[in-house]
1. Just to confirm the number: angle between the C-alpha axis of helix 110-122 and the first principal axis of the chain, 0 to 90 degrees, nearest 10?
2. Between helix 41-50 and the chain, what is the angle of the helix's C-alpha long axis to the longest principal axis, kept within 0 to 90° and rounded to the nearest 10?
3. Suppose every K and R has +1 on its Cβ and every D and E has -1 on its Cβ; what is the size of the dipole of the chain about the Cα centre, in Debye to the nearest 20?
4. Of Val164, Leu76, Ile128, which is farthest along the charge dipole of the chain in the positive direction, counting Lys and Arg as +1 and Asp and Glu as -1 at C-beta?
5. I'd like to check one number: the per residue accessible area of the stretch 166-216, probe 1.4 Å, reported in Å² as a whole number.
6. Quick one: length gained pulling Leu60 to Ala221 fully straight, 0.36 nm per residue minus the C-alpha distance?
7. Quick one: pull the percent of accessible area on the chain belonging to carbon and sulfur, 1.4 Å probe, ligands and nucleic acids left out.
8. So what is log10(I(q)/I(0)) for the chain at q = 0.11, 0.13 1/Å, when the Debye sum runs over its Cα atoms only?
Amino acid sequence: MQLTLRDAAAYLSVTESAVRRWITERALPVHEVNERLYLNAVELWEWAAEHGVVASRRLLEHAQRSPEEVPLMSELLRTGGIHYDIEGSGKRDVFRAFVERLPLPPEQDRQTLLSVLEAREALGSTGIGDGIAIPHVRNPIVLHVEQPFVALCLLSSPIDFDAVDGVPVHALFLVVSPTVPIHLRILGELGFLLRDAALRDLLRRRAREYDILSRIDMLEATRTTGSFRISQRP
């Protein structure tokens, strides 16, 4: 569950400045989203216990609340779309074409989102290997959207992404969510699915949307481990 610095200060009975100091000096876990800092209730409770900081019992109750429901990856992709034949000779061109196709609400500034993606990429490549990239993997893209979604971009031609294995990127996944915890759970499930060699091969071949989603459906239906909360099918 997501907490502001003010929330965290209240649970710990300290000032916001003390929380900021602990972030800097005592490695209090924090997440930065759109230049604002947030804390996770579970991480805060564990940190307080490890560092002998007295925390309100209400923080533990907050941390133990049921996680927000997250749709299946196949449903997230159906919402965000699988976008074929994205063209571009470099990252900026690809990002621009990708952002233009995203199902964003009218009030969302696409140019700002493009700038955020470019700024994150400047910190280091988001290419995770085997021709796949997940832009903004470390700092979640949290927008005012009613439902999270994942968009898949399949490039017309692979481009150099400075990926960890040096392989040009042909597929990009973009996770957009309303909260940090949802982003992290979606990212965890995406990491699990991308371990499947058959799915990676489908992405490499730019297979039909039906084939990609069918493979993901199968993987999700047979998964029996992990912490990702999967919605029950009708």
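The values are calculated or read from the model by the stated rules, or taken from the named source; none is laboratory data. Predicted model only: the values in this text are computed from it and were never measured. Cβ: placed from backbone, ideal geometry, glycine included. Neighbour counts: every protein chain shown. Note: accessible area is taken over every heavy atom of the protein model, side chains too, but ligands, DNA and RNA are not part of it. Shrake-Rupley method; radii C 1.70, N 1.55, O 1.52, S 1.80 Å.
1. Once rounded, one gets 80 degrees.
2. 50 degrees
3. On the way: 27 positive and 32 negative charges, 62 e Å.
Dipole size: approximately 300 debye.
4. Leu76
5. On the way: 1980 Å² over 51 residues.
On a per-residue basis, the stretch 166-216 sits at 39 Å².
6. Working: separation 161, 0.36 × 161 = 57.96 nm, distance 3.25 nm.
Contour length minus Cα-Cα distance gives 54.7 nm.
7. Values: 5870 of 11970 Å².
Accessible surface attributable to carbon and sulfur in the chain totals 49 percent.
8. Ignoring solvent entirely, the Cα scatterers give -0.63, -0.84.
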